[in-house]
Amino acid sequence: MKKSNKTMRAVAIDEFGGLEKMKPRQLSVPEIDANEILVHVETAGVGAWDPFEREGGFAKEFGVEAAFPYVLGSDGAGTVEAVGDQVHNLKRGDRVYGVNLMSPKGGFYAEYTAVKADNAAMIPRALSTREAGVLAVDGVTALNGLDKTLQVKPGESVAIVGASGGIGHLAVQLAKRMKARVFAIASGKDGVEFVKRLGADKVIDGRREDILKAAREFAPQGLDAALITTGGKPAEQTIAALKKGGRAAYPNGVDPVPNAREGVKLTSYNGEPNPPAFAKLNELIDGGPFEVHIARTFKLEDAPQAQKALNDHYLGKLALTLS
Ligand SMILES: NC(=O)c1ccc[n+]([C@@H]2O[C@H](COP(=O)([O-])OP(=O)(O)OC[C@H]3O[C@@H](n4cnc5c(N)ncnc54)[C@H](OP(=O)(O)O)[C@@H]3O)[C@@H](O)[C@H]2O)c1
């Protein structure tokens with residue numbers, strides 16, 4: 001890879017492994033190809049899947065030879081610094097957010113990152129750059145789950161399992177925009193209060209309450225659909241509350257993998273960052289007030305603490321700030 005003379009602050013690993021492998025580094029700013037943009041990063045998302053990436057899980061899964069030093073961070077937001085010759089939809093100075101997974105040029109835990117233009121988009125008007133920094137992966141994953149995979153229709157009853165989490169809190173708001181009746185299963189008292197504020201029709205605490213009973217009260221004929229972002233008991237109970245012919249979907253990575261039930265369609269899927277998905281996500285977000293919730297923000301150099309904090313209870317997302 002061609003490297004620029006300019007350097008930047010980044011957090012990188014020299015081999016896959018634990019939190020201790022992450023080190024603040026001074027690295028070359030990546031050069032962009034014709035179909036890429038260079039983003040001056042303001043905020044990087046700290047994803048629930050980032051430890052899996054750090055441990056080499058994605059490299060193994062995709063059969064990709066990783067390039068070290070490896071800059072972590074699969075989504076974020078900032079300002080376009082430069083665009084490749086083939087990029088016509090974005091220009092220098094635009095505020096953008098995007099996805100950068102397993103790129104040999106590095107991810108978003110850095111002052112600059114090279115992103116394929118198709119994996120990035122203008123930030124929805126309603127959001128700050130900071131908020132958009134944690135939106136890309138979970139946003140397209142929430143959207144793909146509700147729209148393409150579950151094909152939610154107006155008036156349908158839809159359960160969101162893990163509703164106070166990264167995907168979940170976005171999915172609650174997107175499902176309301178899609179005119180669904182939303183039954184939200186959040187975590188903790190604070191999670192219930194949070195998701196009520198986001199507009200769900202009914203919210204329960206999945207760690208304390210009887211999900212099946214509450215779901216049957218909400219939809220006596222059975223739920224039409226469910227988006228599952230956390231596995232185990234809440235997933236099983238929600239699937240049990242679906243009507244015959246009901247649909248459930250979960251993004252790959254949910255662990256343990258939910259079990260199917262007779263008469264119910266269960267689908268696994270991935271978030272797909274591409275121009276139509278970003279366009280639809282932006283349109284839905286800009287259709288009214290929308291909250292992208294950041295529970296805690298860490299300095300770039302504190303990325304190991306940020307990844308450690310993923311094990312704690314928190315609402316929405318965690319972020320790194322670079323400016
Ligand atoms: N394949 C893809 O394209 C893709 C993309 C994005 C994410 N993912 C995967 O999707 C999953 C969810 O991602 P995410 O970013 O939404 O993660 P997340 O923010 O950790 O969300 C999971 C949520 O579930 C909550 N939860 C756990 N047990 C619960 C219970 N009994 N009742 C109610 N809520 C409960 C957690 O709350 P507490 O921990 O606070 O209790 C947390 O808020 C992860 O496995 C991630 O790797 C896959």
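The values are calculated or read from the model by the stated rules, or taken from the named source; none is laboratory data. Because the structure is a prediction, the values reported are computed rather than measured. With ideal geometry, Cβ positions are generated from the backbone for all residues, glycine too; neighbour counts draw on all protein chains shown. With ligands, DNA and RNA removed, areas are computed over all heavy atoms of the protein, side chains included. Shrake-Rupley method; radii C 1.70, N 1.55, O 1.52, S 1.80 Å.
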With respect to L315, determine if the residue is within 14 Å of the ligand (Cβ to nearest atom), of a type outside the set (D, E, K, R) and surrounded by 19 or more Cβ atoms within 10 Å (Cβ to Cβ). yes
Can we say R54 is open to solvent by 30 Å² or more (accessible area, probe 1.4 Å), among the basic types (K, R) and at negative phi? no
Counting just the residues of segment 233-248 that are more than 11 Å from the ligand (Cβ to nearest atom) and not charged (D, E, K, R), which one comes out farthest from the chain's Cα centre (by Cα)? G245
Given (1) among the β-branched types (V, I, T); (2) at pLDDT 95 or above; (3) away from the ligand (no atom under 15 Å from the Cβ), where does V64 come up short, assuming only one miss? (2)
Take the residues in segment 215-232 that are surrounded by fewer than 20 Cβ atoms within 10 Å (Cβ to Cβ) and farther than 15 Å from S268 by Cβ, then tell me which one is nearest to the chain's Cα centre (by Cα). G232
When segment 183-241 is examined, which residues are found to be touching a His at 6+ places or on another chain (Cβ under 8 Å) and among the polar types (S, T, N, Q)? S187
Tell me, which residue of segment 288-312 that is assigned to a loop (DSSP other than H, G, I, E, B) and open to solvent by less than 60 Å² (accessible area, probe 1.4 Å) is nearest to the ligand (Cβ to nearest atom)? L310
Of all residues in segment 247-280, count the ones that are surrounded by 13 or more Cβ atoms within 10 Å (Cβ to Cβ), touching a strand residue (DSSP E or B) at 6+ places or on another chain (Cβ under 8 Å) and part of a loop (DSSP other than H, G, I, E, B). 9
Give the residues of segment 91-138 that are acidic (D, E) and within 15 Å of L320 (Cβ to Cβ), sorted by residue number. E111, E131
So which residues in segment 180-211 are surrounded by fewer than 21 Cβ atoms within 10 Å (Cβ to Cβ) and either away from the ligand (no atom under 13 Å from the Cβ) or over 23 Å from P251 (Cα atoms) (or both), if there are any at all? R181, K189, D190, E193, K196, R197, G199, D201, K202, R208, E209, D210
Say whether the condition of being in contact (Cβ under 8 Å) with a residue 24 or more places away in the chain, under 21 Å from V137 (Cα atoms), more than 9 Å from the ligand (Cβ to nearest atom) and among the polar types (S, T, N, Q) is met by at least one residue in segment 218-232. no
